[in-house]
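What follows is one structure encoded as structure tokens, with my remarks underneath.
The numbers here are math on the coordinates, done by the rules we state, and not lab data. Quick caveat: nothing in here was measured; it's all calculated off a predicted structure. Glycine gets a Cβ as well: all are built from the backbone with ideal geometry, and neighbour counts include every protein chain shown.
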Amino acid sequence: MMNSFGSQLKWQFVLLQKNSIITISIVVTLMYGLVLYFLRDIGSLDKLLVALVLNDPSVIGYFFIALAIYIEMKHQILQAIFVTPFNLHHLFLSKVISVSLIGMVCSLGLAFSVKGFDFNIAWYAVGSLSICILSSLLGLYMLTFSNEFLKFAMTSIPVFLAFVNLPLLQYLGVFEMGVVKCIFPIQGSLDLIDYSVSGTAINFGFAIASIVVFIPLFYWLAYRRFLRKIVHQ
Amino acid sequence: MVFQYPGNEGPTLKGLDFSIAKGEIFGFLGPSGAGKSTAQKVLYKILEGYKGQVNIDGKNLSEWNNSYFERIGVGFELPNHYLKLSGKENLELFAAFYPNGKKHYSTELFEMVDLADAMDKPVETYSKGMKMRLNFIRAIQHDPDILFFDEPTSGLDPVNAHKIKQHILDLKNQGKTIFVTTHSMETADGICDRVSFIVDGKLVLTDTPRNLKSSYGKEAVKVDLKNGQTEEFPLKDLGANPQFLEFLKQDEVKRIHTLEATLEEVFIRVTGKSLGDE
């Protein structure tokens, strides 16, 4: 018999599919992938690929997880869940993992369209999965500040820009922040993706350490706030 | 029990004191906004920060761990389901939260509330009454000992409302303890062993519906004849009352009924408020 977590993970995928989230993600990725595929002869698209990978899966993670929770809030389904012997860690992890796996698969699709199999798939997958996990946890944290999706989307703009685009601008060379970049939660993942697609020399120790530190930290912050503001409202 | 919502000026529940016996159907009867649902939410641990003491099976509510939720079932006032999932999928998804899953077969549950034909259809195609019936079977699918029903007949047509009331009585016969909140006098009268009148967060009166109706009504019958004559007679020794027997001989009886008060009349007399008041 499938255990509680496995069964909840299955249901999260079912919900994502029934709400067309998986279909939308695949269609958007296909569109990006096609554009990249036809542009690949005009020169190196590594920077554009990294920029897309930072934005597309992180949007999937951040907004789609929030959207799923807002649907549950709007229809008062969370209230019904909260009177069952549910395990919030299982619920949290099943939502984060399902959305993040979709984001990772989409980002792999983007990379395949530009690089074929000529990139380090394993490190790339680790990097993109970590970005999705971090962005979905950030989405879970941020949604506790707004009771409707539109408000959440508005308050998210500066947060999301800082979360994704500051590291991206630094990566694109718009500005140089030196060691300060280490405080960017997605910097480790970004380095792994950069290494995977361009072969750039990176500090693996930092990249792994950054992921290992920031994912549990984000999880802890999101879990505590969700417990206080949503479960025990 | 005292409870105040954060940000509110005063408490919503102003010192409720009541007990429910095992196997009893107990009802809170009161108008909207009286605190009925809030009291239930405290009991099924959605709301925290209450003052006072709540004991379930002799154990303080705050000391119960997650196993408490295996013992309770909650039927909410409004439908709350995943609309894109079918009714059956909704039950299966919620069953996954229970360590032992559901204890009743889905098909039996859907047949019980006449939803068998719709169990594989998306809930978004259900009417409100169908969604309410789905609420009901979701609350009981894991075979809980204690059940909370918030306005269990709300949104149901008279036939289905009657069926749900009968199912609640069946649950009582199986030994379940049931706490119902309602502003429907018929529901309270039809299923509750005892009811409490709740107004503005306070319990005004608690008793059996029968006692309440007889205490506040007349121990008499009213007889209407076809010729338009009407008269009241005391119930005591009615069969030996010569005036009563003589009255019946005057014409065909159109109607004869007791003069006990309805629960709603009792409620209005005791509280000075109507059950429809906001």
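Among B:Glu219, B:Glu89, B:Glu260, which one shows the highest mean-square fluctuation when chain B is modelled as a Gaussian network with alpha-carbon springs under 10 Å?
B:Glu219
Quick check: the angle from helix A:149-160's long axis to the longest principal axis of chain A, C-alpha only, nearest 10 degrees?
Tilt relative to chain A: about 40 degrees.
Quick one: which residues, 5+ away or cross-chain, put their amide H under 5 Å from the amide H of B:Val199? H built at 1.01 Å from N.
B:Val204
How long is the gain from B:Asn173 to B:Glu231 if the chain were fully straight, where each residue apart is worth 0.36 nm and the alpha carbon distance is subtracted?
Gain on stretching B:Asn173 to B:Glu231: 16.8 nm.
How many times 2.2 N^0.38 Å is the alpha carbon radius of gyration of region B:218-259?
1.05
Sorted by packing (mean other beta-carbon atoms within 10 Å per residue), highest first, where do B:231-243, B:140-152 land?
B:140-152, B:231-243
Taking the Cα centre of the protein assembly as shown as the origin, how large is its charge dipole in debye, to the nearest 20, when only Lys and Arg (+1) and Asp and Glu (-1) carry charge on their Cβ atoms?
About 780 debye.
Hey, for a label at B:Lys59 modelled as a point 7 Å past Cα toward Cβ, could you say which residues of region A:75-94 have their backbone N under 15 Å away?
Flagged as within label range: A:85.
Taking every DSSP beta bridge with both residues inside region B:2-208, roughly what % is antiparallel (nearest 5)?
Expressed as a percentage, antiparallel bridges in region B:2-208 total about 40.
Leaving out same-chain residues fewer than 8 places away, which aspartates and glutamates sit with a Cα under 17 Å from that of B:Lys176?
Within the straight-line limit of under 17 Å, B:Lys176 reaches these aspartates and glutamates: B:Glu24, B:Asp57, B:Glu70, B:Asp143, B:Asp145, B:Asp150, B:Asp193.
In straight Cα distance, which lysines are under 28 Å from A:Lys47, not counting same-chain residues fewer than 8 positions off?
Leaving aside lysines fewer than 8 places away in the same chain, those within reach of A:Lys47 are A:Lys115, A:Lys181.
Can you pull the Rg over Rh of the protein assembly as shown, Cα-only, Kirkwood?
1.14
Give me the dipole magnitude in Debye, nearest 20, for chain A about the Cα centre, with unit charges on the beta carbon: positive for Lys and Arg, negative for Asp and Glu.
Its charge dipole is roughly 740 debye.
Please tell me the relative contact order of region A:82-172 in percent, rounded to the nearest whole number, where contacts are Cα pairs under 8 Å and at least six residues apart.
Reported relative contact order: 27 percent.
Kindly provide the chymotrypsin sites (Phe, Trp or Tyr not before Pro) of region A:149-233 that DSSP labels as loop, not H, G, I, E or B, and whose Cβ sees at most 13 other Cβ atoms within 10 Å.
Here the chymotrypsin sites (Phe, Trp or Tyr not before Pro) that fit, given the DSSP loop and packing criteria, are A:Phe175.
Positive end of the dipole of region B:2-208, charges at C-beta (+1 Lys, Arg; -1 Asp, Glu), about the Cα centre: which of B:Gly175, B:Gly190, B:Pro158 has its Cα farthest in that direction?
B:Gly175
Among the listed pairs A:Lys95/B:Lys14; A:Lys95/B:Lys88; A:Lys95/B:Lys202, which are separated by more than 32 Å between their Cα atoms?
The answer is A:Lys95/B:Lys14; A:Lys95/B:Lys202.
Please work out how much length the chain gains when fully extended from A:Phe204 to A:Ala122, using 0.36 nm per residue of separation minus the C-alpha to C-alpha distance, in nm with one decimal.
The span from A:Phe204 to A:Ala122 would gain 28.2 nm if fully extended.
Distance between Cα centroids, region A:55-100 to region A:16-34: provide it in whole Å.
Comparing the Cα centres of region A:55-100 and region A:16-34, I get a distance of 18 Å.
Going by C-beta contacts inside 10 Å, put A:Cys182, B:Cys192 in order with the fewest on the left.
Going from sparsest to densest Cβ surroundings: A:Cys182, B:Cys192.
Please give the calculated 222 nm ellipticity per residue for chain B, where each DSSP H segment of at least 4 residues contributes -39500 (n - 2.57) and the sum is spread over every residue; nearest 500 deg cm²/dmol?
Calculated mean residue ellipticity at 222 nm is -9000 deg cm²/dmol.
At a threshold of 8 angstrom on Cα-Cα distance, excluding pairs fewer than six apart, so keeping six or more, what relative contact order does chain A reach in percent?
Relative CO of chain A lands at 25 percent.
Show me, for region B:39-55, the HN-Hα J-couplings you get by feeding each phi into the Karplus relation (A = 6.51, B = -1.76, C = 1.60, θ = phi - 60°), rounded to Hz, glycine and proline as x.
These are the phi-based 3J(HN,Hα) values: 4, 5, 5, 5, 5, 9, 6, 7, 9, 10, x, 7, 9, x, 10, 10, 10 Hz.
Taking springs between alpha-carbon atoms closer than 10 angstrom, which of B:Lys249, B:Lys128, B:Lys222 fluctuates most in the Gaussian network model of chain B?
The residue with the greatest mean-square fluctuation here is B:Lys249.
Counting Lys +1, Arg +1, Asp -1, Glu -1, what net charge surrounds A:Gln170 among other residues with beta carbon under 14 Å of its beta carbon?
Charge balance near A:Gln170 sits at -1.
Summing -39500 (n - 2.57) over the DSSP H runs of n ≥ 4 in chain A and dividing by its residue number, what mean residue ellipticity at 222 nm do you reach, to the nearest 500 deg cm²/dmol?
-23500 deg cm²/dmol
Given H placed on each backbone N at 1.01 Å, which residues far from B:Phe149 in sequence or on other chains put an amide H within less than 5 Å of it?
Here the answer is B:Gly75, B:Phe179, B:Val180, B:Thr181, since their amide H atoms fall under 5 Å of that of B:Phe149.
Rounded to the nearest 10 degrees, what's the angle between the helix B:128-140 long axis and the longest principal axis of chain B, both from Cα atoms, 0 to 90?
Helix B:128-140 sits roughly 70 degrees off the main axis of chain B.
Quick check: Cα centre of region A:154-233 to Cα centre of region B:231-270, how many Å?
Measuring centre to centre over Cα atoms gives 81 Å.
Just grab the label-to-label distance for B:Asn8 and A:Val212, each label 7 Å out from Cα along the Cβ direction, in nm (one decimal).
Simple spin-label model gives 5.0 nm for this pair.
Got the relative contact order for chain B handy, in percent, Cα pairs under 8 Å and 6 or more residues apart?
Relative contact order here is 24 percent.
Which value does Rg/Rh take for chain B over its C-alpha atoms, Rh per Kirkwood?
Looking at chain B, the ratio lands at 1.06.
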